[in-house]
1. Please enumerate the residues belonging to region A:122-144 that are more than 20 Å from the chain's Cα centre (by Cα) and either within 19 Å of A:F255 (Cβ to Cβ) or of a type in the set (S, T, Y) (or both).
2. Yes or no: region A:331-341 includes at least one residue that is open to solvent by 10 Å² or more (accessible area, probe 1.4 Å), more than 19 Å from B:G300 (Cβ to Cβ), over 20 Å from the mean Cα position of the chain (by Cα) and within 12 Å of chain B (Cβ to nearest Cβ).
3. Being facing chain A (nearest Cβ under 8 Å), surrounded by fewer than 22 Cβ atoms within 10 Å (Cβ to Cβ) and either without any contact (Cβ under 8 Å) to a residue 24 or more places away in the chain or not in a helix (DSSP H, G or I) (or both) is the filter here; which residues of region B:346-382 pass it?
4. Give the residue, chosen from A:K2, A:K27, that is of a type outside the set (S, T, N, Q), modelled with pLDDT under 95 and on the phi < 0 side of the Ramachandran plot.
5. So how many residues does region B:248-266 have that are in contact with a strand residue (DSSP E or B) (Cβ under 6 Å, 6 or more places away or on another chain) and in contact (Cβ under 8 Å) with a residue 60 or more places away in the chain?
6. From the set of residues in region B:255-307 that are over 25 Å from B:A125 (Cα atoms) and of a type in the set (D, E), which is nearest to the other protein chains (Cβ to nearest Cβ)?
7. Out of (1) within 20 Å of A:I241 (Cα to Cα); (2) open to solvent by 20 Å² or more (accessible area, probe 1.4 Å), what's the single condition that is false for A:Q112?
8. Could you count how many residues in region B:308-329 are open to solvent by 30 Å² or more (accessible area, probe 1.4 Å), outside any loop (DSSP other than H, G, I, E, B) and more than 7 Å from chain A (Cβ to nearest Cβ)?
Protein chains: 2
Amino acid sequence: MKKARAFPIASIGIIGGGQLGRMLVRKAHQLGCHTTVLDPTPDSPAGQLAGRQIVAGFFDRRGIAEVVRTSDLSTFELEAIDAAYLCQLADEGHRILPDPRLLLTIQDKYLQKCRLSELGLPGAAYVEVEQPSAEAFAAFGYPLVQKARRGGYDGKGVVVLRSEKDFSRHLPVPSILERLVPIHKELAVLVARNPSGQTAVYPVCEMVFVGEANVLDMLVAPADLPTEQLIRAQELAVKCIAALGGTGVFGVEMFLTPEGELLINEISPRTHNSGHYTMEACMTDQFEQHLRAILDLPLGDTCQLMPAALVNLLGEPGHSGSPAVLGLDEVLALSGVSVHWYGKNNTAPYRKMGHVTVLDPDPARAREKAMQVKDILRIVSQT
Amino acid sequence: MKKARAFPIASIGIIGGGQLGRMLVRKAHQLGCHTTVLDPTPDSPAGQLAGRQIVAGFFDRRGIAEVVRTSDLSTFELEAIDAAYLCQLADEGHRILPDPRLLLTIQDKYLQKCRLSELGLPGAAYVEVEQPSAEAFAAFGYPLVQKARRGGYDGKGVVVLRSEKDFSRHLPVPSILERLVPIHKELAVLVARNPSGQTAVYPVCEMVFVGEANVLDMLVAPADLPTEQLIRAQELAVKCIAALGGTGVFGVEMFLTPEGELLINEISPRTHNSGHYTMEACMTDQFEQHLRAILDLPLGDTCQLMPAALVNLLGEPGHSGSPAVLGLDEVLALSGVSVHWYGKNNTAPYRKMGHVTVLDPDPARAREKAMQVKDILRIVSQT
């Protein structure tokens, strides 16, 4: 007997109206779902496309309750939200996925590290510091990475301190200190898991960061590594999400050391910037996969059709306000280029305004074209 | 000096709020454009996603003027619209693409045939009949195909009459009669052309129709034909759209006779059902390509990444009203399957409610899976 699913298949609440929410809304429509977005900014990137936006902050319990109570199922596209209240709503019987109890652990980097250690998953050595002090840092030893326990994203909330002289740059908030490990490559692996326990893993991505703003700068998929290492990275990511009992799509960021060791850097309990390449390059993209997972539908094939490289489009330093783009025509003349704008009404220095994915049968050429895109495109403010 | 494009890149008016409009709206957002849709049905598939819908009929001049005058650029997703009025608005200086004068020719099948003949493009022999009569039909000779001059779509407005006995089934409207040609395969080729004259052509699709409702039933891309014939079909399609001076994406439907002759069946001055496979299977899909073309941006690469088969999801006979779907879970368990729902609030017998694309490295397996999807999925009314 076939199961009947009435339209809409589900009404989905999405906490967070940024670009991840926007791309999720788009896929939700394709799959026959309705969406409600919660975001403090009216006309947010996701809110523009969703049927409905509730304008409220991520800790506004009245707004959160409204989204969750008027949706069949709720999810989120960022970590810095009121997870404790979501736990309460889940206890009242509302479906919220991934499990907000897991979010509560992940959104605190110290609790996240503890959990990963308990599960025997590899990561850099760490300590907690409630109140940063020169003594505590010196006792842990330099070089180190200080990470704010809460609220960091896109490189914010993380500083690398190489010696005592750098202490003046420390973050004056409750933190963890991590050993600065030698890094051969930074990798990210997306894993999807549904409540039935089915798991799907995407090809491994290699992330290249640049200095100043530390926002993900270029991403290459598959990573340029021997098959054996790719498989180990995928296995580690799957093991990690299965051990955490995650439901939905998760990004597992990891370091590959020069000795070939894999260390988990952090987990994102949501779709991930490093997975945007899946929209053009894979049979099932990360947004559809997340929806399949939380709806407990069979997961899609993650097979990659062609090598891809991706660059984020960041607001040009010195420019704020209504955006304009320079070089769009030149970029679209390159073959295999897909441009994604996020619909943000204002640009700001280093703000993520969109991204470009390049497909090319030759991974090196995909990479070259992505660098060309980076050189050509500029997001400025309208004069 | 790079050209600056302010956001939104353009505000685009779209006449028609069906599934083609819906998919166009989605891509318009991705490319940084705003959209306004005109459709008589409130909350139409495209209107649900566009920033704004004007609820008005396709011959409502006040509504059409509002869309066109408040948009930087207007386009359409169906032929049965007030093309004469669009010509007038174009004469007033409004940008409407494809050129409504070309639409005026194409939307009348007799004028379309005449134009194609003038241009020396191959097609079945035809005559015009203002008032259908047994005598006129007999004089032309059976077997024949009668096509209403105006308003036909999805097999409506076309009947095949094999002998005088079939005359009772004729359409009592101004028509053309066409010679019924022996058909080895029915093909469709999408061509894009921008105002700068750049042209791009997609892989050839093979269309398989079934009896009763004659809505496109299964599509396979690339068509299962020798390369030489594929190239000839692409060349003919490009020649046709260049000769017509078209701007935008056009579908060129053609017949391949058992002798290997290619005959143009008809032209669609818009994105086309036969091009939906491009969303998953090609580097640039037909909707993005249409936008690039009408915005006079460089056209995208049409390269196909993997063989594809596509089936339309039609409302089950005997079912009308709020839709429900049977078999969704089973279908999503097949690998390489993408399901698209069009967001229509009501199903009806044979109404196009969505489509499914299957990607598979083996074209025969893609086809088999598409037939499985066809067998498994049912769109019924909610009980």
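The values are calculated or read from the model by the stated rules, or taken from the named source; none is laboratory data. These numbers were taken from a predicted model, which means no experiment stands behind them. Reconstructed Cβ throughout: ideal geometry from the backbone, glycine too, with neighbour counts over all protein chains shown. For the accessible areas, the whole protein counts, side chains as well, though only heavy atoms, and no ligand, DNA or RNA atoms are used. Shrake-Rupley method; radii C 1.70, N 1.55, O 1.52, S 1.80 Å.
1. A:P122, A:A124, A:A125, A:Y126, A:V127, A:S133, A:F140, A:G141, A:Y142, A:P143, A:L144
2. No, there is no match, as no residue in region A:331-341 is open to solvent by 10 Å² or more (accessible area, probe 1.4 Å), more than 19 Å from B:G300 (Cβ to Cβ), over 20 Å from the mean Cα position of the chain (by Cα) and within 12 Å of chain B (Cβ to nearest Cβ).
3. Within region B:346-382, B:R378, B:V380, B:Q382 qualify.
4. From the options A:K2, A:K27, the qualifying one is A:K2.
5. Adding up the residues that qualify gives 12.
6. B:D301
7. For A:Q112, the failing item is (2).
8. Going through region B:308-329 one residue at a time, the tally reaches 1.
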